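*Asks:* Can you keep this structure in mind? I'll have questions shortly.
Just so you know, all these numbers are worked out from the coordinates, no wet-lab data involved. Keep in mind that what you see is a predicted model, and the values were worked out from it rather than measured. Every residue, glycine as well, gets a Cβ built from its backbone with ideal geometry; the counts of neighbours run over all protein chains shown.
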Amino acid sequence: MAESHVFQAKALERAISAIVAAGGSEPREAQLVSSNLLMANLSGHDSHGVGMIPRYIESLKEGGLQPNRHPQVKFDGGALLALDGQAGYGQVIGLEATDMAIARAKQHGVCVMALANAHHLCRIGQWAEQAVAQGLVSISFVNVISRPIVAPFGGSDARFGTNPCTIGIPLPGQPPMILDMATSAVAQGKIRVAYNKGEKVAPGLLIDDKGNPTVEPRYGVIEPFGALTTMGLHKGYGLAVACELLGGALSGGGTQHTGERSKKRVLNGMLSILIDPARLGTAEFFGREAGLFIDWLKQSPPAPGFDRVRIAGDPERETRVERGREGIAVDATTWRDILAAGEKVGLAAEQTERAARG
Ligand SMILES: NC(=O)c1ccc[n+]([C@@H]2O[C@H](COP(=O)([O-])OP(=O)(O)OC[C@H]3O[C@@H](n4cnc5c(N)ncnc54)[C@H](O)[C@@H]3O)[C@@H](O)[C@H]2O)c1
């Protein structure tokens with residue numbers, strides 16, 4: 001495996017914030033972008049962590065990512081809200097759009113929020129966590145406008161993105177369930193991480209440029225491109241199509257249908273449904289039944305190779321504790337790309353290196 005650099009989260013966050021600020025973002029935006037990326041690393045999702053910065057800077061340079069933007073209201077129907085993210089940093093657009101949807105769900109008991117044209121919303125679980133922290137259920141369908149990288153079930157080339165689907169459920173008296181998943185067999189960034197580390201990927205995740213199964217991550221990263229498969233065969237494929245139709249078409253953002261490959265920007269469309277369980281008349285029952293069910297699940301004796309049964313959200317919470325203590329490892333290729341991204345916006349590599357070392 002290739003060499004890695006280990007950083008303490010706070011120092012790395014400051015170094016990343018300086019790069020974003022040098023790209024033209026106001027201090028609040030730079031801080032929101034860097035803390036969101038660091039949280040992805042801390043949660044164990046390096047694919048959505050600081051390694052995104054080189055892509056963001058490329059996107060900024062080509063004009064596909066617009067700094068200092070806020071969601072624009074396109075339609076306001078009370079519990080129905082349609083917003084446009086104006087290609088702004090997803091870390092700001094996602095936060096502010098979710099805040100608006102939370103206020104509506106508190107007021108009306110439910111909010112359907114359609115968000116078009118946000119630049120990369122990164123870890124969608126972050127927006128579910130934001131709503132769940134306010135006691136709300138959050139269900140999101142997201143599409144990705146970027147180079148198509150996932151093949152349809154039964155197809156042999158890439159036609160859409162990794163279209164994440166996320167469900168957050170607050171659980172009275174215990175940590176919430178945060179199911180946050182790409183509908184591809186694996187998130188694309190995890191293929192990039194494997195490629196940068198010089199590792200193979202597990203069988204079943206990728207096909208090559210001829211449609212044959214492969215374990216070589218290069219087919220997800222460099223030409224000639226292959227494609228990722230969908231999770232759960234035809235079932236995950238169905239969910240991915242629903243994400244495209246709801247997150248891309250119903251949101252007002254746009255779907256994949258041209259195969260455009262040259263642009264660096266990553267746009268997300270997101271349809272989110274927020275429900276206030278306290279307003280549905282079932283709150284007391286929900287609290288009791290949810291607790292009973294989760295306890296019941298967790299009493300299942302661990303299968304060989306497992307230490308215990310977890311619910312979605314548990315692995316990220318555990319990794320946050322571990323990485324908060326031990327630091328964040330960034331592989332040498334990714335770190336070199338981050339330093340180069342800093343140089344593109346006028347920060348000398350030594351300056352970024354010094355900031356990241358605290
Ligand atoms: N913005 C975008 O365009 C975009 C696109 C795709 C993915 N993403 C993000 O990528 C991230 C990674 O996605 P992924 O599909 O690789 O995630 P993953 O496969 O690592 O995890 C998926 C879900 O499974 C749960 N899980 C994992 N192990 C478990 C266990 N042992 N028991 C119970 N639950 C378990 C996790 O808590 C998580 O909710 C997500 O945050 C997603 O939002 C973003």
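*Asks:* Which of the numbered conditions does Arg147 fail, given that it passes all the others? Conditions: (1) under 18 Å from Val132 (Cα atoms); (2) surrounded by 17 or more Cβ atoms within 10 Å (Cβ to Cβ).
*Replies:* (1)
*Asks:* Being part of a loop (DSSP other than H, G, I, E, B), loosely packed, with under 14 Cβ neighbours inside 10 Å and of a type in the set (A, V, I, L, M, F, W, C) is the filter here; which residues of segment 277-309 pass it?
*Replies:* Here is the first cut: in segment 277-309, the residues part of a loop (DSSP other than H, G, I, E, B) are 280-282, 299-309.
With loosely packed, with under 14 Cβ neighbours inside 10 Å added as a condition, the list becomes 280-282, 299-308.
Listed by number, the residues that qualify are Leu280, Ala303, Phe306.
*Asks:* I'd like the residue in segment 172-208 that is near the ligand (Cβ under 9 Å from one of its atoms) and β-branched (Val, Ile, Thr) and, out of all such residues, is nearest to Thr282 (Cα to Cα).
*Replies:* Looking at the filtered set, the residue picked out is Ile178.
*Asks:* How about segment 1-17: which of its residues are buried (at least 21 other Cβ atoms within 10 Å of the Cβ) and closer than 25 Å to Tyr195 by Cα?
*Replies:* Quick first cut of segment 1-17, residues buried (at least 21 other Cβ atoms within 10 Å of the Cβ) only: 7, 12-13, 15-17.
Within segment 1-17, Phe7, Leu12, Glu13, Ala15, Ile16 qualify.
*Asks:* Across segment 18-31, what is the total count of residues that are assigned to a helix (DSSP H, G or I) and surrounded by fewer than 22 Cβ atoms within 10 Å (Cβ to Cβ)?
*Replies:* Let us first name the residues in segment 18-31 that are assigned to a helix (DSSP H, G or I), namely 18-22, 27-31.
Now drop any that are not surrounded by fewer than 22 Cβ atoms within 10 Å (Cβ to Cβ), which leaves 18, 21-22, 27-28, 31.
Number satisfying all stated conditions: 6.
*Asks:* Considering segment 184-208 alone, what residues qualify as being touching a residue at least 24 places away in the same chain (Cβ under 8 Å), in contact with a helix residue (DSSP H, G or I) (Cβ under 7 Å, 6 or more places away or on another chain) and outside any helix (DSSP H, G or I)? I'd like the intermediate steps shown before the answer.
*Replies:* The first filter runs over segment 184-208 and keeps only residues touching a residue at least 24 places away in the same chain (Cβ under 8 Å), leaving 184-193, 195-199, 204-205, 207.
Then keep just the ones that are in contact with a helix residue (DSSP H, G or I) (Cβ under 7 Å, 6 or more places away or on another chain); that gives 187-193, 195-196.
Within segment 184-208, just Ala187 meets the criteria.
*Asks:* Follow-up question, since we're still on this one. If a residue has to be out of contact with any helix residue (DSSP H, G or I) (no Cβ under 9 Å at 6 or more places or on another chain), outside any loop (DSSP other than H, G, I, E, B) and among the charged types (D, E, K, R) to count, how many in segment 209-262 make the cut?
*Replies:* Residues flagged as out of contact with any helix residue (DSSP H, G or I) (no Cβ under 9 Å at 6 or more places or on another chain), outside any loop (DSSP other than H, G, I, E, B) and among the charged types (D, E, K, R) within segment 209-262 amount to 2.
*Asks:* Could I ask something else about it? Return yes when Leu239 is touching a strand residue (DSSP E or B) at 6+ places or on another chain (Cβ under 8 Å), hydrophobic (A, V, I, L, M, F, W, C) and within 15 Å of the ligand (Cβ to nearest atom) and no when it is not. Give the derivation first.
*Replies:* Details: touching a strand residue (DSSP E or B) at 6+ places or on another chain (Cβ under 8 Å): yes; hydrophobic (A, V, I, L, M, F, W, C): yes; within 15 Å of the ligand (Cβ to nearest atom): yes.
Criteria met by Leu239.
*Asks:* Test Leu115 against the stated conditions and say whether it is more than 10 Å from the ligand (Cβ to nearest atom), among the hydrophobic types (A, V, I, L, M, F, W, C), in contact (Cβ under 8 Å) with a residue 24 or more places away in the chain and under 25 Å from Arg310 (Cα atoms). Outline the logic, then answer.
*Replies:* Working: more than 10 Å from the ligand (Cβ to nearest atom): yes; among the hydrophobic types (A, V, I, L, M, F, W, C): yes; in contact (Cβ under 8 Å) with a residue 24 or more places away in the chain: yes; under 25 Å from Arg310 (Cα atoms): no.
Criteria not met by Leu115.
*Asks:* The conditions are (1) under 18 Å from Ile145 (Cβ atoms); (2) exposed (fewer than 15 other Cβ atoms within 10 Å of the Cβ), and Gly252 fails exactly one of them. Which is it?
*Replies:* Evaluating Gly252 over (1) under 18 Å from Ile145 (Cβ atoms); (2) exposed (fewer than 15 other Cβ atoms within 10 Å of the Cβ) leaves (2) as the failure.
*Asks:* Go through the residues of segment 314-324 one by one and say whether even a single one is of a type outside the set (D, E, K, R), assigned to a loop (DSSP other than H, G, I, E, B) and within 16 Å of the ligand (Cβ to nearest atom). First the steps, then the outcome.
*Replies:* Residues of segment 314-324 of a type outside the set (D, E, K, R): 315, 319, 321, 324.
Add one more test, that the residue is assigned to a loop (DSSP other than H, G, I, E, B), and what stays is none.
No; the residues of segment 314-324 include none that is of a type outside the set (D, E, K, R), assigned to a loop (DSSP other than H, G, I, E, B) and within 16 Å of the ligand (Cβ to nearest atom).
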